[in-house]
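**Q** I'd like to ask you about the structure that follows.
The values are calculated or read from the model by the stated rules, or taken from the named source; none is laboratory data. Source: prediction; values computed, not measured. Heads up, the Cβs are rebuilt from the backbone with ideal geometry, glycines too, and the neighbour counts pull from every protein chain shown. All accessible areas refer to the heavy atoms of the entire protein, side chains included, with ligands and DNA or RNA removed. Shrake-Rupley method; radii C 1.70, N 1.55, O 1.52, S 1.80 Å.
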Amino acid sequence: MSPGTELPNDLVAKYYEQRASKGGLLVTECAYVRPDGRGYVRAPGLATAAQAAAWKPVVEGVHGKGGILYAQLFHAGRVSHSSLVGNKPTVSASPVGMAGNLYVEGGVKADYEVPRALTTEEVEQLPKDFAASAQLAIKDGGFDGIELHGGNGYLLQSFMAKKTNQRTDKYGGSVANRCRLLLETVDAVAAAVGPERTSVKIQPGITFSDLIEPEADVKETLEYLGPELSKRNLAYVCLSSLNGEPYFRFVGLSEPNIKFDAFRLFRNIYTGALMVNGGLSVEQGEELVKSGTADLVAYGVPFIANANLPALVAAGVKSAGLNPGGFDAKVWYAKDPAKDAVGYTDWPLVDPATVKA
């Protein structure tokens, strides 16, 4: 993104166009729906008409190759810093701080802070703000649809998780109350742009945002959300899990936090289109679709260094045949705008015919 603007630039358009394919669904990085939801330096926004319009060339590049592009919308909640949100306290479900630190302006790191709990009235406003952002994305940005980010410890998940939700109003306590904001937001966006253009990503279990949920809580959340989301006839639900290798080790666990098969459990209770995500190999993804556990598989990290991933997979290339360069986290973010293309759009394109399946 262009420094200081939160607007996608020509390099962003190039990145997505490189990865577009006929009929292929791409989902953007998360864009904040209002200023106090900003979570990262140089991260995009979809809070204004100008921000939405700046995405249009990106969308047109994907459409030019026959692809489909969804805008992922989020509110960072406590996964942010006061300096990123107008020097005001960050906000969350409850005043529960998190361990760790993040980059702030100037390329320096600062510790996360204890957020301010949103009032009931402020929470009631949030679905309207997500809906307004979704309308901007569709109308001014030209996006094909919306994916709401209900994971990664961001605001929507902070309401669903017991650790971060200590509220006593209608948004706290029971699983139904804790999931209320997510469902109200889904409903508001679906009413604004259509349920066929609305999807949601959920990620109970482990996040990299100092949030590890007990197995029983994860099961309770999934069993509640499955039937509720089934009623809504959404484009899809993306169930993301970081409970497999090697992710649970990254947060200091010696074994997976969840012993049951979260994908299979949710598949048995959710009747709509199901996308799965979370460190999956090509082989694992293909097996999940073949077994009927998933309808779609979302790949992130492998897509970084393999811009024509769909063509490679279609040609029979397995994970071992892919460029593993995207797994080097040092290339994920650039402090110097002059080096933005490095590890972003400069990956060599591999002809599928030259790779052994």
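**Q** For region 334-347, which residues satisfy the criterion of being in a helix (DSSP H, G or I) and either without any contact (Cβ under 8 Å) to a residue 60 or more places away in the chain or charged (D, E, K, R) (or both)?
**A** Hits for region 334-347 are ALA338, LYS339.
**Q** Go through region 228-237 and give me each residue that's closer than 11 Å to ARG267 by Cα and out of contact with any helix residue (DSSP H, G or I) (no Cβ under 6 Å at 6 or more places or on another chain).
**A** SER230
**Q** While we're here: Could you say whether any residue in region 263-274 is of a type in the set (Lys, Arg), in contact with a strand residue (DSSP E or B) (Cβ under 7 Å, 6 or more places away or on another chain), closer than 30 Å to ALA191 by Cα and not in a loop (DSSP other than H, G, I, E, B)?
**A** yes
**Q** How many residues, within region 308-333, are without any contact (Cβ under 8 Å) to a residue 60 or more places away in the chain, surrounded by 15 or more Cβ atoms within 10 Å (Cβ to Cβ) and of a type in the set (A, V, I, L, M, F, W, C)?
**A** 6
**Q** Can you spot a residue in region 74-95 that is touching a Cys at 6+ places or on another chain (Cβ under 7 Å) and either open to solvent by less than 20 Å² (accessible area, probe 1.4 Å) or outside any strand (DSSP E or B) (or both)?
**A** Yes, region 74-95 contains at least one residue that is touching a Cys at 6+ places or on another chain (Cβ under 7 Å) and either open to solvent by less than 20 Å² (accessible area, probe 1.4 Å) or outside any strand (DSSP E or B) (or both).
**Q** Hey, another quick one. Do we find that GLY279 is touching a residue at least 24 places away in the same chain (Cβ under 8 Å), touching a Pro at 6+ places or on another chain (Cβ under 8 Å), not hydrophobic (A, V, I, L, M, F, W, C) and not in a helix (DSSP H, G or I) in this structure?
**A** It is true that GLY279 is touching a residue at least 24 places away in the same chain (Cβ under 8 Å), touching a Pro at 6+ places or on another chain (Cβ under 8 Å), not hydrophobic (A, V, I, L, M, F, W, C) and not in a helix (DSSP H, G or I).
**Q** Quick test for you: out of VAL27, VAL33, VAL62, pick the one residue that is more than 18 Å from the chain's Cα centre (by Cα), closer than 29 Å to LEU156 by Cα and at pLDDT 95 or above.
**A** VAL62
**Q** Moving to a separate point now. Do any helices (runs of 4 or more DSSP H) entirely within region 116-221 hold 1 or more residues that are more than 20 Å from the chain's Cα centre (by Cα), and if so, which?
**A** Answer list for region 116-221: 120-139, 175-178, 180-193.
**Q** Just the residues that are more than 14 Å from the chain's Cα centre (by Cα), among the aromatic types (Phe, Trp, Tyr) and open to solvent by less than 70 Å² (accessible area, probe 1.4 Å), please, taken from region 222-253.
**A** Answer for region 222-253, where residues must be more than 14 Å from the chain's Cα centre (by Cα), among the aromatic types (Phe, Trp, Tyr) and open to solvent by less than 70 Å² (accessible area, probe 1.4 Å): TYR224, TYR247, PHE248.
**Q** Ok, one more. Out of the residues in region 285-301 meeting the condition of being touching a helix residue (DSSP H, G or I) at 6+ places or on another chain (Cβ under 6 Å) and at pLDDT 95 or above, tell me which one is surrounded by the most Cβ atoms within 10 Å (Cβ to Cβ).
**A** Of everything passing the filter in region 285-301, ALA294 is surrounded by the most Cβ atoms within 10 Å (Cβ to Cβ).
**Q** Exactly one of (1) farther than 21 Å from GLY150 by Cα; (2) of a type in the set (Phe, Trp, Tyr); (3) in contact with a Gly (Cβ under 9 Å, 6 or more places away or on another chain) is unmet by TYR70. Its number?
**A** The single condition TYR70 does not satisfy is (1).
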